[in-house]
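Have a look at the structure below, then the notes.
The values are calculated or read from the model by the stated rules, or taken from the named source; none is laboratory data. Just so we're clear, the structure is a prediction, and the values are computed from it rather than from any experiment. Cβ coordinates were reconstructed from backbone atoms using ideal geometry, including for glycine residues, and neighbour counts include every protein chain displayed.
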Amino acid sequence: MKRTLFIADLHLSENHRHITDALFAFLDKEAKNAETLYILGDMFEVWIGDDEHTPLMDEVAQKLKSFSENNHCQLFYIHGNRDFMIGKRYAKQSGMTLLPEHTEIDLYGVKTLIMHGDTLCLFDKNYQKLRKVLHNPILQFIFNALPLKLRKRIGWKIRTASQAKKAYKNVEIMGVTENEVLRLMTLHKVQRLIHGHTHQVNTHNFEVNGAQAQRFDVGDWYTNLSFVDATPEEVKLVIQPIDYYQEK
């Protein structure tokens, strides 16, 4: 079946088992007839390195790989701001192909730009400064060389500080910068953008260079689950209760 799905911002962790259960049910019941599934970042709440083996990480990898193989569904992954250290090892273990942070795809004849979305939020200046540091290849190499125990400690300190700052950020700062949306869509010559990160699930209709354009903000999986459902006939945003696909 010609059908492509997009999800983002699940923030899986041992403390929120219901989201993992929701993902597995979604794969079994909704995504089983899709030919492609794109995960647009922040599948995990935090990621220290591919060498950290937790029951959750291994369970998710096994589920994704078996889902992909049994349903002949291609899996693609774009890093988020929480799990940008996911490497080729875990991607292979999960049956996923890693993509660049800004990727152009042919979505049933329509050129479409997909990304996590954190690069769109230019009003969040403190985060953008931190992002430049965290994505420095040299610093990442040094970080990966540290003992796992120390990396976990550093990772959770950064995460805790990020949560504290997020509580004081307003919706405008957390949202996308419209000029950056227009700039990137013009640069990539697209009329459709699909992303996550902001947790502000919505479909936006506007114009780019005088032509109709759309931006899909996929949304998180905290209380509801959401995904973009694309077929040759239409592209739509779907929102359901988090336990929608689970046995009642």
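Miscellaneous remarks
- Where a residue in segment 231-248 is closer than 20 Å to H16 by Cβ and polar (S, T, N, Q) and its partner, wherever it lies, is surrounded by 12 or more Cβ atoms within 10 Å (Cβ to Cβ) and modelled with pLDDT of 95 or more, with Cβ under 7 Å and at least six apart: Q240/N224; Q240/L225; Q246/D21; Q246/A22; Q246/A25
- Test result for N136, surrounded by 15 or more Cβ atoms within 10 Å (Cβ to Cβ) and at pLDDT below 85: no
- Filter result (out of contact with any Leu (no Cβ under 8 Å at 6 or more places or on another chain), at pLDDT 95 or above and among the hydrophobic types (A, V, I, L, M, F, W, C)) within segment 106-126: L107, V110
- Enumerated strands (runs of 3 or more DSSP E) restricted to segment 29-119, each holding at least 2 residues that are without any contact (Cβ under 8 Å) to a residue 40 or more places away in the chain: 74-77, 96-98, 102-107
- Taking segment 116-154 as the range and being within 17 Å of R82 (Cβ to Cβ) and in contact with an Asp or Glu (Cβ under 6 Å, 6 or more places away or on another chain) as the test, only L120 passes.
- Criterion violated by M1 - all others in (1) outside any helix (DSSP H, G or I); (2) aliphatic (A, V, I, L, M); (3) buried (at least 18 other Cβ atoms within 10 Å of the Cβ) satisfied: (3)
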